[in-house]
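Read-outs: derived from the displayed coordinates by stated rules, not from any lab. If you're wondering where the values come from, they're calculated on a predicted model, not measured in any experiment. Don't worry about glycine lacking a Cβ; one is built from the backbone with ideal geometry, like all the others, and counts go over all protein chains shown.
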Amino acid sequence: MRVVEVKRATKETKIVIRINPDGKGNVTVESGVPFFDHMLTAMGKHGGFDLSCTAQGDLHVDCHHTIEDIGIVLGDAIKQVIGEGHGIRRFSHAVIPMDESIAQVALDCGGRGYLVFTGTFGSKAVGTIPSDIFEHFFYSLCTRAGITAHITFSGKNDHHKCEAAFKAFGIALGQALAITGDKKAVRSTKGKF
């Protein structure tokens, strides 16, 4: 089993994340930010991996540190799951509609952290969360995990756009972390990530 647990405590947040990429989509998230809990739950559930996240943050300031640090800790956990890349599919993509909105995500879990985030929100906030924090969450996750991600979305309803993006990311991540074929093989012409 490739179960990983990562803890991080700072003066701003205390976060514990546990991920099992070989799980069944069992997810529990308690971040203190209900809409973000909903997004992470959708990511894990549709990605088919088990995910638990407990976070305490300085929400009296705002939700920025909490969401950013969840991205950092989740990225660190995913990096441990990837390890040296033995047996994982590495690449994946998903296209997910949600009513009038659509999101597509393409991932490379080959050790090069990079994010291209293409899409806009019509409002300054989605739920109670400033719209710009979603890109920052994915940036934090991808750079820490060593994942290149292209996330593109469009539509009219900000909730739908955001949720489609999280679901697409989860599905692509679950597929990219899946063990396929030779468990010792590394999908790289270099022979390593």
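Just to verify a number: FRET efficiency for His38 and Tyr114, C-beta to C-beta distance, R0 = 22 Å, to 0.05? Please list the in-between numbers first.
Numbers: r = 27 Å, r/R0 = 1.22.
It comes out at approximately 0.25.
With the cut-off at 23 Å, tell me which of the pairs Lys45/Lys79; Lys79/Lys183; Lys11/Lys161; Lys24/Lys156; Lys79/Lys192; Lys14/Lys167 have Cα atoms farther apart than that. The partial results should precede the final answer.
Values: Lys45/Lys79 20 Å; Lys79/Lys183 17 Å; Lys11/Lys161 33 Å; Lys24/Lys156 32 Å; Lys79/Lys192 14 Å; Lys14/Lys167 25 Å.
Exceeds cut-off: Lys11/Lys161; Lys24/Lys156; Lys14/Lys167.
So, with +1 on the Cβ of K and R and -1 on the Cβ of D and E, and no other charges, what is the size of the charge dipole of the range 2-134 about its Cα centre, to the nearest 20 debye?
Details: 13 positive and 16 negative charges, 87 e Å.
Dipole size: approximately 420 debye.
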Using only Cα atoms, locate the centre of the range 103-148 and the centre of the range 40-77, then give the distance between them in Å, rounded to an integer. 13 Å
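Given the DSSP H assignment, sum -39500 (n - 2.57) over each helix run of at least 4 residues in the chain and divide by its residue total; what's the result at 222 nm in deg cm²/dmol, nearest 500? Please report the intermediate quantities before stating the final value.
Details: 4 runs with 66 residues, N = 193.
Rounded to the nearest 500, it is -11500 deg cm²/dmol.
Which shape class applies to the range 1-77: rounded if a/c is under 1.5, otherwise prolate when a/b exceeds b/c and oblate if not, where a ≥ b ≥ c are the square roots of the Cα gyration tensor eigenvalues? Working shown, then result.
Numbers: a/c = 2.74, a/b = 1.55, b/c = 1.77.
Oblate is the answer for the range 1-77, as a/c is 1.5 or above yet b/c matches or exceeds a/b.
Sorted by packing (mean other beta-carbon atoms within 10 Å per residue), highest first, where do 100-107, 169-176, 85-92, 118-125 land?
Working: 100-107: 20.6, 169-176: 24.4, 85-92: 18.8, 118-125: 12.8.
The packing order, highest mean first, is 169-176, 100-107, 85-92, 118-125.
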Answer label, with P(r) over Cα pairs in 5 Å bins from 0, in percent calculated from the coordinates and candidates (1) 1, 9, 16, 23, 21, 16, 9, 4, 1, 0; (2) 1, 7, 13, 15, 16, 14, 11, 9, 6, 4, 2, 1, 1, 0, 0; (3) 1, 7, 14, 19, 19, 17, 12, 6, 3, 1, 0: (1)
